[in-house]
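Have a look at the structure below, then the notes.
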Amino acid sequence: MTGKQARIAARIDAAMQPFLRQGEDDITILTGMSDHMTDFEHLIDTAKPGVMDELCRRYPGFYRYAKVLEGIAGAIQSGAIKVPQ
Amino acid sequence: MVFEGVVSADGPYLSCSLDGGVALGVSGIRHFQPTDIPSRLNQPEPRWWVVKYRDEARILLRGFNQRAVDRLSDEFGLVLLIDGESLPSDHVRQDYFFTSPAWDALCRWVVKHPRLAKARAGDDPYLPSWYGRALAAARALSA
């Protein structure tokens, strides 16, 4: 894990806290955290095997955000969420 | 137990060697029995822990009594989290740190190691602008 990767995950973790405290749903989190999507994609693109797991263990808010994105991606893939062509 | 203040990717950070660490500014001390921890840290009854936010147990304060907890709280500006009372806001937690001896020490470190400190200025996810604030405090002291 690089310092930059940890820093990005920590920022996402910190930004997630208000949503977690309020018990917001996935769609609200997805919308409210849109500024962090690019950083998350950067992590996905650059992280070596095991790094994302380590970041998720170290930053529970980051883990929650990853699960939200995973759930949304799964729903799009299954057709449960329709995306305009 | 030996506690050290360091600057990590998480920003100003409380490190306790092999016993763990936690970002300063969003942390506190709480007497409770966490559930989501490695089994080697499981305790049969509630203990004092340094926590991140409210529930993320980070450092088990083995053998700490109230006096030791108060000292650690004072030294690093760790707010005491009392069950049943509302959670202090992030600003309140940050203010605890910004009035602690650990903050004074960080300001001195910034003055003593300006290039290194500047290089770490972006490490501030949990304590935004700590570097600029430290510079301002140092200037005020030297004026």
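Only the coordinates and a few stated rules stand behind these numbers; no lab work does. In this text the structure is predicted, and so the values were computed from the model without any measurement. Here the Cβ positions follow ideal geometry from the backbone for every residue, glycine too, while neighbour counts run over all protein chains shown.
Once you have the Kirkwood Rh of the range B:1-64 from its Cα pairs, apply Stokes-Einstein at 10 °C and 1.306 mPa s and quote D in µm²/s.
Values: Rh = 12.0 Å.
The diffusion coefficient I find is 132 µm²/s.
Loop-only trypsin sites (Lys or Arg not before Pro) in the range B:62-104, please: DSSP not H, G, I, E or B, and at most 11 other Cβ atoms within 10 Å. Intermediate values should be presented prior to the final figure.
Working: sites: B:62, B:67, B:71, B:93; in loops: B:62.
Answer by residue number: B:62.
Using 5 Å bins from zero, what percent of all Cα-Cα pairs in chain A falls into each bin?
Pairs per bin, as whole percents: 3, 14, 26, 24, 17, 11, 4, 1.
Can you sort B:127, B:87, B:72, B:18 from fewest to most other Cβ atoms within 10 Å of each residue's own Cβ?
Numbers: B:127 25, B:87 14, B:72 21, B:18 5.
Ordered by Cβ neighbours within 10 Å, fewest first: B:18, B:87, B:72, B:127.
Give me the aspartates and glutamates in straight-line cross-link reach of residue B:118: C-alpha distance below 19 Å, same-chain residues under 8 apart excluded.
Once the sequence-local aspartates and glutamates are set aside, what remains near residue B:118 is B:10, B:104.
As an exercise, use a Förster radius of 35 Å and the Cβ-Cβ distance of residue B:142 and residue B:89 to find the FRET efficiency, rounded to the nearest 0.05. Intermediate values should be presented prior to the final figure.
On the way: r = 32 Å, r/R0 = 0.91.
After rounding, the FRET efficiency stands at 0.65.
Of the residues A:64, A:11, A:21, which exhibits the maximal mean-square fluctuation in a Gaussian network model of chain A defined by a 10 Å Cα contact cut-off?
A:21
Per the Kirkwood formula on distinct C-alpha pairs, the Rh of the protein assembly as shown is how many angstrom? Mind dumping the intermediate values first?
On the way: mean 1/r = 0.0525 Å⁻¹.
Kirkwood radius, the protein assembly as shown: 19.0 Å.
Helix-derived [θ] at 222 nm for chain B: sum -39500 (n - 2.57) over DSSP H runs of at least 4, divide by residue count, nearest 500?
It lands at -10500 deg cm²/dmol.
May I ask you to list the lysines whose Cα is less than 22 Å away from that of residue A:67, ignoring any residue fewer than eight positions away on the same chain?
A:4, A:48, A:82, B:52
Reported to two decimal places, what Rg/Rh ratio describes chain B when computed on Cα atoms with Rh from the Kirkwood expression? Kindly include the intermediate steps, with their values, before the conclusion.
Working: Rg = 15.5 Å, Rh = 15.7 Å.
Ratio of gyration radius to Kirkwood radius: 0.99.
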